[in-house]
Amino acid sequence: MKRNGFFLTFEGADGSGKSTQARHLAKTLQTRGLDVVLTREPGGSPGAEEIRKLLVEGDPARWSADTEILLFTAARRDHLERTILPALARGAIVISDRFADSTRVYQGAARADLRQSVDQLHQLMISHEPDLTLVFDIDAKIGLSRGLARQSGEDRFEELGAEFQQKLRLGYQALLQDFPERCVAIDGEGTVKQVAEKVLIAVSGHLP
Ligand code: TMP
């Protein structure tokens, strides 16, 4: 399928502020009259939202890291087919709160050392990359306390603790080096408005 639109992803550890910023940017661009689809992973299509519940709720030991890779990839494939690619084909800007980089970092580096399996499955079943990825960086302790304070009932990964959040931070730093052509770091410290300004600067020049 031809991609005429623009595919932008927001990445970062839990509580890094990326979801708030994704919503903020989507609203800003929509008020400028642009066709914007704000979506998320795991989820973003009815089937993938069903899989999301299996992944983010319950005991941290509920799934092995290998099984998680399969579930996240199944959800992503449905999200891609039903939401992302049709929107890009009609020329929309798709903003996704997480995409394949989350699997690279969470399952491929932080939770287990499974990057090779993640890459092979990605190549086989997904094979699409974002045009631009903003990677939100925040102190691991601040991120974790923000994430847990939400009491969303979706804390399976936050419950892996501070050491895991620190591994995520390092994993995202390595990702920035792996994909320097599409990944931009955003310092997540500051007020929502201050960070939103950094986001606008990072995306300007890339968007229509
Ligand atoms: P969220 O809290 O940003 O909505 O994401 C749900 C959780 O799922 C979050 O802790 C990150 C985790 N996750 C992975 O471990 N691998 C993935 O591929 C994705 C998309 C999310």
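The values are calculated or read from the model by the stated rules, or taken from the named source; none is laboratory data. Bear in mind that the values here come from a model prediction, so they are computed numbers and not experimental data. So basically every Cβ, Gly included, is an ideal-geometry build from the backbone, and we count neighbours across all protein chains shown. Accessible surface areas use protein heavy atoms only, side chains included; no ligands, DNA or RNA. Shrake-Rupley method; radii C 1.70, N 1.55, O 1.52, S 1.80 Å.
Among residues other than residue 37 whose Cβ falls under 12 Å from its Cβ, what is the net charge (Lys/Arg +1, Asp/Glu -1)? Neighbourhood net charge equals +1.
Within the assembled protein chains, the solvent-accessible surface assigned to residue 152 is about 60 Å², based on a 1.4 Å probe.
Give the carbon-plus-sulfur fraction of the accessible surface of region 6-203 in %, rounded to a whole number; probe 1.4 Å, heavy atoms of protein chains only. The nonpolar share, carbon plus sulfur, comes to 52 percent.
Pairwise Cα distances in region 1-145 exceed 19 Å for 53 percent of all pairs. In this Cβ point-charge picture (+1 for Lys and Arg, -1 for Asp and Glu), the chain has a dipole of about 600 debye about its Cα centre. Between the listed residues 4, 31, 99, the Cα displaced farthest toward the positive end of the dipole of the chain, a dipole computed from Cβ unit charges relative to the Cα centre, is found at 31. Nearest 5 percent is fine: what portion of the DSSP beta bridges confined to the chain is antiparallel? Taking every DSSP beta bridge within the chain, about 0 percent pair in antiparallel fashion.
With all protein chains kept in place, the per residue accessible area of the chain amounts to 47 square angstrom at a probe of 1.4 angstrom.
Lysine pair count for region 6-203 with Cα-Cα distance under 28 Å and sequence separation of 8 or more or different chains is 16. Fully extending the segment from residue 59 to residue 71, taken as 0.36 nm per residue of separation minus the present Cα-Cα distance, adds 2.7 nm. When +1 charges are put on Lys and Arg Cβ atoms and -1 charges on Asp and Glu Cβ atoms, the dipole computed for region 1-119 relative to its Cα centre reaches about 520 debye.
Counting only heavy atoms of the protein chains and using a 1.4 Å probe, residue 114 has close to 30 Å² of accessible surface.
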